[in-house]
1. Take Phe458, Phe557, Phe599 and sort them by solvent-accessible surface of the protein heavy atoms, 1.4 Å probe, largest at the top.
2. Normalised by the residues of the chain, what does the relative contact order come to in percent, with Cα pairs under 8 Å and at least six apart?
3. Assign unit charges at the C-beta atoms only (+1 for Lys and Arg, -1 for Asp and Glu), then state the dipole size of region 187-269 relative to its Cα centre in Debye, rounded to the nearest 20.
4. Going by alpha carbons, how many degrees (0 to 90, nearest 10) lie between the helix axis of 275-293 and the longest principal axis of the chain?
5. Tell me which of Thr706, Pro76, Leu596 sits at the most positive position along the dipole axis of the chain, charges placed on C-beta atoms (Lys, Arg +1; Asp, Glu -1).
6. Whole Å is fine, so just give me how far the alpha carbon centre of region 350-413 lies from that of region 140-174.
7. Count neighbours as other Cβ atoms within 10 Å of each site's Cβ, and list the trypsin sites (Lys or Arg not before Pro) in region 74-180 that are DSSP loop with at most 15 such neighbours.
8. Sorted from largest down, what three extents in whole angstroms do the Cα atoms of region 326-460 have along their principal axes?
Amino acid sequence: MTSRPLLTVCLAYVAGVALAAPGSLGRWPLVVAAAGLLLAGLGRRTVAAVGGLALLAAALGAARCQLALDRFERQPLLRQSGETRPFVGTVSSAPRPLRSGEAVVELRLERLQVSGGWLPVQGTVRVGGPAAATAPWGRRVSGRVVLRAPRRAGNPGEASPYRRLRADGVTLVGELDGALTDLGAGAVSWLERLAQALRQRCCGGVRAAFRRQPPLLADLLNAMVFGLSAAPVDAALSEACRRAGVTHLLVASGTQVSLLLGLVLLGSAARRLPPSLSWVAAAAAVLLYVLVTGGDAAILRAAVMGLLLFGALASGQDYDLPTALGVAAAGLLLWRPLQVQDLGFQLSFAATIGLTALGLPLLQRLPARWRWLAGPAVLTVGAQSAVAPVAVYQLRQISWVGLPANLPVLPLSGLLVGGGLLASLLGPAGTWVAAPLAWLLRWFLALVGWFAAVPGGFRQPAVAAPWQLVLGVAGGVLMAAWLHGWRPRWEPTRWLPVLLTASALATLPSLWRAAEPTLTVQFLDVGQGQATLLRGPGGRSVLIDAGPRRVVAGQTFDAGADQVVPALLLAGVRRLDAVLVTHCHADHVGGLASVLTAFATDRLLLGELPAAGVAADLERALALAGRRGVAPELVRRGTVLDLGNGARLTLLWPPAEPLHGTGEDRNNNALVGQLVYGDVSFLLTSDLEAQGEELLLRLDDDLRATVLQVPHQGSAGSTTPALLAAVQPAEAVITVGPNTYGHPAPETV
């Protein structure tokens, strides 16, 4: 701690920010770390001073983050969620294309029209729609927008779009309703206008040099040189890079900054400039590049660390990479503390930590004659090892081909970035540079396409339990410590009791579950829809419905992939004994194809088969099941599913002859099941409505249940007093999300 006091204080500040950020993973390790610093401070005087400063920095970080959170949550714009409003605002980002041909763009709102007139507001919204594809940057526009709050994570294993967007400074999301009207120049600062002018000049220079080449190649090179924020690429190419594990090559960061600083260093040496002027020139070059790229976390991290390194080299001073990394992290979080939950921030720092703590020590252990050949592979291993836990936790994805893909692609990208910077400077005179660069870009595209298509090379969702992530990170930390010279003093009398105790604590939960068989019922949060997981005491797993799937503003929201599959994986499900489809409505079957893709399934049970074209999501799922050899089974009243150890699910509805002529036949014929285990029972009613409830009651079954899943998301046309009198539930569950149907109805609640 005393050998790197500045690093200790910076890390303490970062820990304080992370501790204050809601939903952060691993708060208890941070508390332990703070306690360790406090205890260390009780030792020697120097240790006490550094420990005290570290605790003060941690408190400052927590306070800074809390202030930023309070300011964000107090925005009046948040209260407009769920409304369709006319608006006036400024287009503050370049459109990002989507696969559907539409785009997503950010608007900095100025006012919204409400019932009492125009309401002044402040905040950024991320909106999509056909009109977003042609939204002009920096212009004030008007139109109509359907506003929504980003979804918050409601299930184990689910990523939180709300937290990620909040870290980006985005308040709400939405969809443009109609065209935009251009009202003239927008409210943007001179610095933003300068950045946009530089961006257009640099990207335009590449396009001019590539005027005889396909536009896709110029767009790709601009993204590699200046980042996706400055030069968005085609959605299909972005997806291929994601699957191949090379998306980081489309993010401006260390490679580009290193090239810039190298050029400045050479120029300064040629001109024999003093160190102070050299550093000013380097800072000016880096600042201009940061403006062009949009100032993402990765480029800001690289800029701070690069300027510290440049200053050390120019003045002949020592440079400590871990301290520079700590200073960069603390500085960025002092400016924008909510970045601690930003994906770009986490991935950038994780990759750099991996390079520093694992990659460089491994490289130094290689024989000198092999370093030039094996160096890229070793450094990639270090970076990917640190990035993998972040990708699994934040993105629920992992690219198994990422390591082999980076080996040929990284050197290629280095050549392309250098050539792209030259092409941007030459502009129309750079056609002689464009030809070889185009050849390299085609090789890049071919490699990315090949690795992206490797069967099983990419997995999403990829879910790990918190203890698995903690163990993985702990293993990486121990490996890094060993590479840096740490050797444990093995004293059996000291370590053996600790290891035995840890092993006992780790196995105790599984032993307890084995000794006490239980029935688990999970009502998953899938928004407006339904998905319920039943796990029997004998280990059998049954899923009832799979939530909705919808396309909004060209973006697909799939509850099966985003919510259901991660929750099932974290629950320990590896195979489904049965999947029940209560009825063919989209909010119950939309995510089914994703579930059947992720899990082998023994039986697929349906209350009805879809009419042609009526339930496209279910038809797609049935086609997938057919390819896997799972034939759908029609079920009716009286079907019993044995969940093991006395737990049984009995279908009480629909009758052998389905109902016809009711207000909503599909809802009134939905599967209704009674789950019983000992003295506890559940009545699972799907979307049954009042007419179906009445006919079910006439069958004179014993419907008493401990828990009632309230029919049809608590609609006014369900849950009659007669049903409640027959069920007499102790608890009730309403599976509901944002909707325009008025669910749940106040009278039902």
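The values are calculated or read from the model by the stated rules, or taken from the named source; none is laboratory data. The structure displayed is predicted, hence computed values, not measured ones. Cβ placement follows ideal geometry from the backbone for every residue including glycine, while neighbour counts extend to all protein chains displayed. Note: areas computed on protein heavy atoms with side chains; ligands, DNA, RNA excluded. Shrake-Rupley method; radii C 1.70, N 1.55, O 1.52, S 1.80 Å.
1. Largest accessible area first, the residues go Phe557, Phe458, Phe599.
2. Worked out over the chain, it gives 9 percent.
3. The calculation lands at about 200 debye.
4. 30
5. Pro76
6. Cα centroid of region 350-413 versus Cα centroid of region 140-174: 32 Å apart.
7. Arg74, Arg99, Arg152
8. Sorted from largest, the Cα extents of region 326-460 read 44, 38, 37 Å.
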